[in-house]
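Report on one structure; see the data block that follows.
The values are calculated or read from the model by the stated rules, or taken from the named source; none is laboratory data. None of these values were measured; they are calculated from a predicted model. Neighbour counts run over all protein chains shown; Cβ positions are idealised from the backbone, glycine included.
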Amino acid sequence: MHLKIKHFVIFITIISFISCKQKNSDLTKIKGKQIPIDSKHVEKVSIEEFVSPYRKRINEVLDSTLAYAPNTISKTDGEFNTTAGNLMADIVLSEANPIFKSRTGKEIDFVLLNHGGIRSIISAGKVSARNAFEVMPFENNIVVAEVKGTDVEDMIVFLIKSGRAHPIAGLQIVLDKNKKLRYAKINGRTVHPEKTYYVATSDYLVSGGDNMGFFNNNTSVTDTDYLIRNAMIDYFKKVDTLAPKVDNRFFMN
Amino acid sequence: MDRRKFIRKTTATGAFVGLGGLSLQSCIGETKKHLTILHTNDVHSHIDAFPKSHSNFPNLGGLARRATLVDAIRQENPNTLLFDAGDIFQGTPYFNFYGGELEFKLMSMLKYDAATIGNHDFDNGLDGLYAQLPHASFELLSANYDFSNTIMNGHVKPYNIYLVNGLKIGVYGLGIGLEGLVTKKLYKETQYLDPFEIATDIETKLKEEEYCDLVICLSHLGYHYKDTERPDDLKLAKKTKYTDLIIGGHTHTFLDKPTVTKNGNGTNILVNQVGCFGINLGRIDFYFESGKSKQSTGTSIIV
């Protein structure tokens with residue numbers, strides 16, 4: 001008799017455990033919302049204290065004066081070339097050429113960047129590394145593409161058509177009154193379709209950014225492993241005054 | 001009946017009552033469970049709040065404020081998990097200077113449970129990401145990046161299961177296609193696998209083999225693209241059968257409220273994303289009940 005009861009106990013127990021498992025945790029209700037992080041939420045002191053020394057160090061580095069700009073440097077102060085564009089392209093040429101030459105024995109022929117890549121003005125006054133971060137927040141390296149003369153011709157057609165002052169250096173484009181090409185020169189010489197040219201640009205553009213398709217045909221790409229922003233900071237450290245001019249590298253005559 | 005028999009009989013009956021009582025207790029005593037899921041995405045190294053003069057996000061965001069809010073919610077419900085859907089890195093000088101060290105340390109201080117890997121988390125290369133791993137006390141989850149031929153091998157799990165108040169919460173990660181988005185030099189031999197195939201495999205495993213009570217996906221695919229061939233969270237939702245919530249990122253999508261849509265079985269599934277830069281914290285509360293299974297009328301969703 002008592003044996004049967006034991007069986008019954010075990011049976012019941014198993015049943016109740018199983019049914020419990022099955023019944024367990026039915027999802028009955030979901031509530032979803034978004035909470036804005038605003039000044040209603042007080043800053044947690046321990047987090048603030050942890051971040052503070054990092055912030056202080058960054059501000060010291062970013063805000064120490066490296067150079068002086070007598071006038072505001074902008075990418076909208078010229079039709080075909082601008083002070084900001086010229087500064088950027090000239091910096092890429094002067095800072096990257098020694099690296100490229102030491103690695104390959106070759107010289108950079110010219111520079112092409114994109115107008116959209118200049119993200120801020122440099123206000124008149126003290127210039128710091130913070131300006132370089134504002135102008136160039138992206139982690140873009142300077143690369144040098146080996147491009148055929150025929151592709152350089154396409155590049156020139158693109159620049160004339162684009163209607164934007166894409167930064168250039170080492171290349172001169174002169175238009176007639178109807179905005180048709182009068183002549184283009186690289187370091188004072190006419191573009192030769194069969195010659196290859198070494199064009200410094202950003203890794204973003206060489207990998208197809210901003211629809212600069214002529215970079216697709218390049219025969220080689222050399223990465224300088226040098227950030228455009230770091231080239232800017234190094235240049236700011238070398239010079240006292242930043243006074244780029246709108247000049248005749250790309251103009252209508 | 002002799003005395004011995006009587007005692008054995010009563011013991012057995014006692015055991016029955018006792019066990020019955022115990023099992024009833026384990027069912028009824030914990031009938032209601034409440035789980036809170038908190039989430040961020042695309043914080044992009046925004047540790048400080050935006051200045052009051054900022055044209056888009058004046059005086060918004062800030063990690064120290066988020067910490068206070070998360071603490072308050074944990075106090076209210078200790079059964080809380082905190083996740084991030086990727087692009088932790090890149091966007092302020094904190095990343096340029098310290099390479100993500102501060103971001104990982106602070107997320108650990110906030111007790112994040114897991115994050116998935118966004119495209120910008122490759123910005124200092126695999127080596128750069130690997131170098132910051134010692135600063136992360138949370139899991140990196142990605143089911144569709146195969147890191148086996150990289151330095152990250154063994155440091156990223158496809159999914160993780162969290163046991164919270166007796167509930168099993170299965171969480172898996174999904175990453176976006178890297179080709180054309182991230183320079184090859186940065187992601188090296190990382191293999192991108194079809195996110196939909198991987199998601200359905202993993203969610204099935206989490207539900208049918210691991211018996212998870214809830215399945216959550218941390219996705220950096222992006223909320224929605226018109227291109228029908230391009231994987232996104234809304235397309236993913238339609239393919240899944242067991243995923244309850246997709247926490248998204250990448251497209252910096254600000255939603256008025258979490259999206260409720262249908263999964264592959266025609267059941268409701270939530271897709272949420274909270275913009276970017278730590279401007280918002282997402283909060284999804286899940287309420288579970290046991291004991292009323294037979295009359296269960298499904299899940300009510302309040303958004």
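Values as computed for the structure displayed
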{"read-out": "Of all residues in region A:151-194 being among the hydroxyl-bearing types (Ser, Thr, Tyr) and at pLDDT 95 or above, the one that is farthest from residue A:108 (Cα to Cα)", "value": "A:183"}
{"read-out": "Selected residue (criterion: surrounded by the most Cβ atoms within 10 Å (Cβ to Cβ)) from residues of region B:37-83 that are acidic (Asp, Glu) and either more than 21 Å from residue B:136 (Cβ to Cβ) or within 13 Å of another protein chain (Cβ to nearest Cβ) (or both)", "value": "B:48"}
{"read-out": "Residue list for region A:200-212, filter: touching a residue at least 12 places away in the same chain (Cβ under 8 Å) and out of contact with any Phe, Trp or Tyr (no Cβ under 6 Å at 6 or more places or on another chain)", "value": "A:200, A:201, A:202, A:203, A:204, A:205, A:209, A:210, A:212"}
{"read-out": "Matching residues, region A:233-253, being part of a loop (DSSP other than H, G, I, E, B) and in contact with a strand residue (DSSP E or B) (Cβ under 9 Å, 6 or more places away or on another chain)", "value": "A:239, A:240, A:242, A:243, A:244, A:248, A:249, A:253"}
{"read-out": "Test for residue A:52: is it among the polar types (S, T, N, Q), within 14 Å of chain B (Cβ to nearest Cβ) and closer than 21 Å to residue A:125 by Cα", "value": "no"}
{"read-out": "Unmet criterion (only one of (1) under 21 Å from residue A:35 (Cα atoms); (2) of a type in the set (A, V, I, L, M, F, W, C); (3) touching a residue at least 40 places away in the same chain (Cβ under 8 Å)) for residue B:221", "value": "(1)"}
{"read-out": "Test result for residue A:239, modelled with pLDDT of 95 or more and in contact with a Gly (Cβ under 9 Å, 6 or more places away or on another chain)", "value": "no"}
{"read-out": "Strands (runs of 3 or more DSSP E) wholly inside region B:148-225 containing at least 3 residues that are in contact with a Pro (Cβ under 8 Å, 6 or more places away or on another chain)", "value": "B:167-174"}
{"read-out": "Qualifying residue in region A:234-252 (condition: closer than 12 Å to residue A:143 by Cβ and of a type in the set (Phe, Trp, Tyr))", "value": "no"}
{"read-out": "Tabulated pairs, region B:111-136, first assigned to a helix (DSSP H, G or I), second among the β-branched types (Val, Ile, Thr), C-beta under 6 angstrom, 6+ apart or interchain", "value": "B:119/B:176; B:119/B:182; B:121/B:88; B:122/B:182; B:126/B:150; B:126/B:151; B:130/B:151"}
{"read-out": "Selection from region A:216-232 of residues that are in contact with a strand residue (DSSP E or B) (Cβ under 9 Å, 6 or more places away or on another chain), within 21 Å of residue B:179 (Cα to Cα) and within 14 Å of chain B (Cβ to nearest Cβ)", "value": "A:221, A:222, A:223, A:225"}
{"read-out": "From B:86, B:91, residue being away from chain A (no Cβ under 11 Å), in contact with a Ser or Thr (Cβ under 6 Å, 6 or more places away or on another chain), at positive phi and in a loop (DSSP other than H, G, I, E, B)", "value": "B:86"}
{"read-out": "Count of residues meeting criterion [in contact with a strand residue (DSSP E or B) (Cβ under 9 Å, 6 or more places away or on another chain) and either free of Cβ contacts under 8 Å to residues at least 40 places away in the same chain or within 14 Å of chain A (Cβ to nearest Cβ) (or both)] in region B:173-194", "value": "5"}
{"read-out": "Residue tally, condition in contact with a Cys (Cβ under 7 Å, 6 or more places away or on another chain) and more than 30 Å from residue B:163 (Cβ to Cβ), over region B:41-96", "value": "1"}
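Here is a yes/no grid of residues against (1) within 30 Å of residue B:74 (Cα to Cα); (2) within 13 Å of the chain's Cα centre (by Cα); (3) buried (at least 19 other Cβ atoms within 10 Å of the Cβ):
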{"position": "B:166", "(1), (2), (3)": "yes, no, no"}
{"position": "B:196", "(1), (2), (3)": "no, no, no"}
{"position": "B:214", "(1), (2), (3)": "yes, yes, yes"}
{"position": "B:222", "(1), (2), (3)": "yes, no, yes"}
